[in-house]
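The structure appears below as structure tokens.
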Amino acid sequence: MTPLMEVSGITKRFGGLLAVSDVSFTVGEREILGLIGPNGAGKTTLFNLVNGVIKPDKGTVKFAGQDITSHPPNEVVHLGLARTHQIVKPLHGMSVLENVIVGACFGRDYLRLRPARKVAMEVLERVNLADQSDKAASSLTIAGKKRLEVARALAANPKLLLLDEVLAGLNPTEIEYMIGIVRGIRDSGISVFMIEHVMQAIMSLSDRLVVLSFGQKLAEGTPLEVARDPQVIEAYLGDPDIATKLKEKN
Amino acid sequence: MILRHPVLYIILAFAVIMVWLPLHGNNVSLREDLILVAIAVILASNLNLMIGYTGYVNFGHIVFYGLGGYIGLYLAAEKDWNLVLASLIAGVGVSLFALVLGLGILRLRGAYFALATIGILVAVQSFVANFDPWGRSTGLYVSFGAYEKLGGARHALWVTYFLVIGVMALSMILSLGIKISKFGLGLFAIREDEDAAVVLGVNATVYKAIIYSVSAFLPAVAGALMFYKNGMIDPSIAFEFMLSLEGIVMLMLGGKGTVIGAALGGGLYEKLRSYLLTSPKLSNFHLVIAGGLLLVVVLFAPGGLIGWLYRLVPRSRKVLE
């Protein structure tokens with residue numbers, strides 16, 4: 001079976017900084033692929049390259065059998081690839097419902113206003129924001145804004161959802177709740193590609209993980225394989241043998 | 001959908017009153033006052049499409065009005081075209097000009113876009129002031145005989161008045177139609193956060209160019225009618241930077257982003273201005289008042305009069321667009 005998305009050899013340089021270097025991976029149908037790596041590893045840049053916010057210097061992105069490299073983000077959404085932002089970007093002056101209607105109106109199905117409204121209400125139920133639909137988006141808490149990001153992206157009826165740190169800054173209860181939402185999304189047939197720093201969550205959610213460090217793919221595999229990979233441990237903690245060495249010293 | 005909207009009927013009632021007031025008792029001086037009010041409403045409403053709906057501040061909006069005036073006057077007076085046709089051609093021509101221009105300058109954002117619009121105003125003014133067919137800096141005149149086609153000069157003034165009121169009503173209906181449409185929703189998304197809007201699927205480049213072009217159409221038509229009525233046009237009155245700035249004051253005063261607010265601000269500001277202009281002690285003082293007013297509105301009531309009304313009567317938000 002061909003994967004839903006295939007990224008090959010993608011490279012982006014910002015001046016002297018090689019932000020993403022020759023990264024290749026695939027996302028399968030109904031798969032949750034996690035993307036982890038230390039701060040500044042190039043994770044969000046990779047997302048931006050995939051959905052066309054920035055253009056790669058080299059490499060290709062294929063999605064649902066189509067080459068979408070360098071397509072602008074608005075076209076990428078129409079094909080069924082939606083995303084959320086790490087730094088939430090609610091449309092402040094508009095209500096929660098209107099925010100989600102925008103997602104439904106300009107998403108994959110390009111709905112008219114009336115059906116979009118219906119879809120938006122359904123999605124808000126799904127992320128438990130329905131009771132706040134009339135509120136201004138700017139008045140939501142950070143947890144609410146994160147859910148709004150997810151709702152807007154979901155309203156586009158995507159085949160693949162890119163989630164950029166939807167758990168960051170949430171308390172344990174909220175994290176638990178969001179994990180449920182992400183599982184529900186996958187169960188409804190949507191593939192998920194997510195960046196996350198909350199390790200326990202990403203380890204339990206992901207089918208596979210890609211590890212990025214200094215713009216390069218360090219490792220790829222099941223959460224268990226990745227967690228045992230000495231290179232990954234070194235990237236996160238420095239020298240993997242540091243614990244043993246310290247013990248010996250004492 | 002728009003047919004069931006209460007604001008549509010407010011607009012129509014407003015237009016009917018504007019027609020009836022001077023007609024009743026053949027009040028010519030009232031008509032001359034009201035045509036300026038109508039022009040202010042037209043300029044503020046169309047400027048609102050850019051500033052209020054899309055979040056792009058256009059300092060050079062008056063370019064559309066002036067260019068429309070030139071094209072209309074040139075066709076109607078020099079080439080002897082029918083006035084309505086000449087005005088429509090002026091509207092279409094200026095819209096196309098704006099579309100091409102917009103695809104270029106709308107790549108700029110925020111202050112840079114605003115600066116570019118000032119540049120356009122200056123550039124167009126200088127071009128026209130050196131353009132031979134349009135009479136360079138002396139401009140164009142309508143020969144008195146040209147009005148014969150409209151049944152003589154006196155009659156022509158009434159005809160242009162009714163046409164301007166029609167354009168005013170159309171401006172407001174256009175604003176309302178866009179506001180309650182999917183297109184309008186896309187514009188609002190761009191206003192709130194353009195990057196987020198694009199990621200949500202809004203084709204911002206095309207949307208912005210279209211609204212820039214649309215916001216040029218009716219002001220150009222109005223310019224053609226108004227300068228034809230006045231009988232003359234020259235580069236300094238056609239492209240008056242002050243009027244462009246005052247358009248922004250009108251919009252802020254009434255409440256940007258709302259159909260009623262733009263019209264209300266345009267109308268009220270014009271009344272205030274003509275009062276100050278004609279009062280002997282305060283002549284030319286109106287710009288000081290305009291500046292002060294803008295400051296007060298921006299600081300204390302950023303939503304303008306309509307925003308203030310929304311806060312006073314929250315339910316009005318659902319009715320008054």
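Answer with yes or no whether residue B:96 is on the phi < 0 side of the Ramachandran plot, of a type outside the set (Val, Ile, Thr) and in contact with a Gly (Cβ under 9 Å, 6 or more places away or on another chain).
No; evaluated as a whole, the condition is false for this residue.
Taking segment B:83-106, which residues are touching a residue at least 24 places away in the same chain (Cβ under 8 Å) and not aliphatic (A, V, I, L, M)?
B:87, B:91, B:93, B:95, B:97, B:102
So which of B:190, B:211 ends up being within 14 Å of another protein chain (Cβ to nearest Cβ), of a type in the set (Val, Ile, Thr) and assigned to a helix (DSSP H, G or I)? Outline the logic, then answer.
Values: B:211 fails: within 14 Å of another protein chain (Cβ to nearest Cβ).
Answer to the check: B:190.
Would you confirm whether or not segment B:258-281 contains a residue that is touching a residue at least 60 places away in the same chain (Cβ under 8 Å), surrounded by fewer than 17 Cβ atoms within 10 Å (Cβ to Cβ) and under 26 Å from residue B:73 (Cβ atoms)?
Yes, some residue in segment B:258-281 is touching a residue at least 60 places away in the same chain (Cβ under 8 Å), surrounded by fewer than 17 Cβ atoms within 10 Å (Cβ to Cβ) and under 26 Å from residue B:73 (Cβ atoms).
Which number in (1) more than 30 Å from residue B:257 (Cβ to Cβ); (2) in contact with a Lys or Arg (Cβ under 7 Å, 6 or more places away or on another chain); (3) within 13 Å of another protein chain (Cβ to nearest Cβ); (4) surrounded by 22 or more Cβ atoms within 10 Å (Cβ to Cβ) marks the one condition that residue A:48 misses?
Status for residue A:48: all satisfied but (2).
Using beta carbons and a limit of 6 Å, which pairs, at least six apart or on different chains, have the first residue in segment A:51-68 and free of Cβ contacts under 8 Å to residues at least 24 places away in the same chain and the second one crowded, with 18+ Cβ neighbours inside 10 Å?
Filtered contacts from segment A:51-68: A:53/A:73; A:68/A:61; A:68/A:76.
For residue A:96, state whether it is surrounded by 22 or more Cβ atoms within 10 Å (Cβ to Cβ) and more than 10 Å from every other protein chain (Cβ to nearest Cβ).
yes
Here, each number is a calculation from the coordinates, and none is a lab measurement. Nothing here was measured: the structure is a model prediction, and the numbers come from that model. Cβ atoms come from the backbone with ideal geometry, glycine included; neighbour counts cover every protein chain shown.
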